[in-house]
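Everything on this sheet refers to the single structure shown next.
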Amino acid sequence: MPREIEKLEKVFSPSNKDIRSISISFHHAMLCGLNGQPSSLKMLPSFLTMPDGNEQGLYMALDFGGTNVRVLLVELHGNGRYTILARRQARLKDSNGLYDFTSPNASANELFDFIAKEVAQLAPSGKELPLGHTFSFPSNQLDVNSALLINWTKEIAVSGVEGNDVTKLLTAALQRAGLVHIRPAAIINDTVGTLLTSSYSHPDSHLGSICGTGHNTAYLERCYRAANNAMIINMESGNFNCLPLTKYDRLIDAASEKPGGQLLEKAVSGRYLGELLRLILLDILTNSRLDCLPSDLQNPYSLSAEDIALILADTTTELDNIAGWLVDHCRNRTTSIDDRLAVKKAAGLLVSRSAYFVAASYLGVIQHIDPNFDCSHHIAIDGSLFEKMPGYAQAISKAITEVHGGKAGRITTSLIKDGSGVGAAIAAAIACKKKL
Ligand code: BGC
């Protein structure tokens, strides 16, 4: 087993030189995308700039990310302050198999009717209310309230949405549900929402990012297409593809809904980390004396990012929780401490590689907006990986410090909880203000 782990360590531990070179390629891909040349980065305009912090009023916010649909009722007070007055959340896929609004068997109308029903549960009756919609998939914005889905990601495959105007689909579903008084006013990506929420109260927020089921980053481009025309850009950075990948990454990609796409996301995000661990364990456990009886490990996607979090959180001397986990998943009752250490090591390598790749992409963006790293830059991050995965946030900071030494102190990160949803309310407020 140690030899297998040594091999893994080699391929899953990017050096500082690797991180630097990924960040340079990332910056190059940004420039190509901005100039309309072929690039893995779509660099999509949001038709929004930063809020001034004084946006006010009551808004509904709908946050559709791929695992859950969340609805919030948000009061913006101005001066960067807000209150979430009510919230609800529903899973898109029932764990008992009663429904699945993520598969190709679900139609666009079925999905949006489900979403409209969720909105109905929180919508105050009678009163006309603007709604901000966070739709966390690559979309071509035609303006602040109109976006065509380019393609699904995160293994979602609902029929009849790709190529269509998402606001029109939502508006029609709200009408079918009798919610004519709930008026979609803005549609944004979750990274844009996170950046808007953070900059509502912290003006030096320059990047908004999601490290959760999916991965992506947005930033404020000061000169979009014309000098002095500032615009928040949704990079769709999960699709970045200039990375040192492993045979496990290639296996995941080949079996995915969209082979060849979202290579950064497939290497770093919560949707895929469990599957990466499963493929690694299948490889190293079957090659070792820890022979696995037929078990969960044979089934694709049977492990999740939560399994990884549980493994990494085990700090007992004998790694008892990991021993129990191996009994559940491999039906193996006789693991040695070395075997358990190997499982923990593999999980740790996956998580630190994820954080290092993500940090490299952030450094690429900062290189673009401030080539000498002269100013302070705050990176606002939302998502379960950043919030809950043991050691994840620290590993991002470590990579930035190792690569940028003294100047790294100017780059800070923080969790912006509910950032993607609250950002939809802020976007709706900006859009309504513009209309006046
Ligand atoms: C989507 C992005 C989204 C990210 C995080 C990716 O799969 O393409 O639009 O921002 O997930 O939710």
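The numbers here are math on the coordinates, done by the rules we state, and not lab data. As the structure is a computational prediction, the values presented were derived from the model and not from experiment. For neighbour counting, all protein chains shown are included, and Cβ atoms are generated from backbone atoms with ideal geometry for every residue, glycine included.
Centroid-to-centroid, using Cα positions, the stretch 382-413 and the stretch 127-171 are 31 Å apart.
How large is the convex hull of the C-alpha atoms of the stretch 383-436 per residue, in Å³? Please list the in-between numbers first.
Details: hull volume 4.9 nm³, N = 54.
Taking only Cα atoms, the stretch 383-436 has a hull volume of 91 Å³ per residue.
Counting only residues at least eight positions apart within a chain, or on another chain, the lysines with an alpha carbon under 25 Å from that of Lys407 are Lys17, Lys398.
Cα extents for the chain along the principal axes, largest to smallest and rounded to whole angstrom: 70, 54, 39. Which FRET efficiency value, to the nearest 0.05, is calculated for Lys435 and Cys32 with the Förster distance at 35 angstrom and r the Cβ-Cβ distance? Approximately 0.50, to the nearest 0.05. Fewest-first ordering of Met30, Met235 by other beta carbons within 10 Å of each residue's beta carbon gives Met30, Met235. For Ile369 and Thr334, what is the calculated FRET efficiency with R₀ set at 51 Å and r taken between the beta-carbons, to the nearest 0.05? Given R0 = 51 Å and the Cβ-Cβ separation, E is 0.40.
Scoring 210-217, 270-277, 420-427 by mean Cβ neighbours within 10 Å over their residues and listing the highest first yields 420-427, 210-217, 270-277.
For the stretch 9-51 versus the stretch 325-371, the spacing of their alpha-carbon centroids is 22 Å. Annotation: aspartates and glutamates with alpha-carbon distance below 18 angstrom to Lys433 (same-chain offsets under eight excluded): Asp52, Glu55, Glu75, Glu128, Asp143.
Measuring from a point 7 Å past the Cα of Glu75 along Cα-to-C-beta, which residues in the stretch 120-138 have an amide N at less than 19 Å? Flagged as within label range: 122-132.
Only the Cβ atoms of Lys and Arg (+1) and of Asp and Glu (-1) were treated as charged; on that basis the dipole of the chain about its Cα centre amounts to roughly 520 debye.
Could you compute the net charge surrounding Trp152? Neighbours are other residues with a C-beta less than 13 Å from the C-beta of Trp152; K and R count +1, D and E count -1. Show your work: numbers first, answer last.
Numbers: positive: Lys154, Lys258, Arg271; negative: Glu155, Glu162, Glu236, Glu257, Glu265.
The answer is -2.
Ranked by the mean number of other Cβ atoms within 10 Å per residue, highest first, peptides 369-377, 192-200, 139-147, 76-84 order as 192-200, 139-147, 76-84, 369-377.
Relative to the longest principal axis of the Cα atoms of the chain, the long axis of helix 166-176 lies at roughly 70 degrees. Judged by the mean number of other Cβ atoms found within 10 Å, the most tightly packed of the peptides 355-364, 8-17 leads the ranking 355-364, 8-17.
In square nanometres, what is one fourth of the surface area of the convex hull spanned by the alpha carbons of the stretch 25-164? Display every interim value, and only then the final one.
Working: hull surface 43.5 nm².
With every direction weighted equally, the projected area is 10.9 nm².
Computed 3J(HN,Hα) for the stretch 401-415, one whole-Hz value per residue from the Karplus formula 6.51 cos²θ - 1.76 cosθ + 1.60 where θ = phi - 60°, is 5, 5, 7, 10, x, x, 6, 4, x, 7, 9, 10, 10, 8, 7, glycine and proline marked x. In this structure, the residue pairs whose Cα-Cα separation is over 18 Å, taken from Lys10/Lys344; Lys117/Lys168; Lys388/Lys417; Lys42/Lys417, are Lys42/Lys417.
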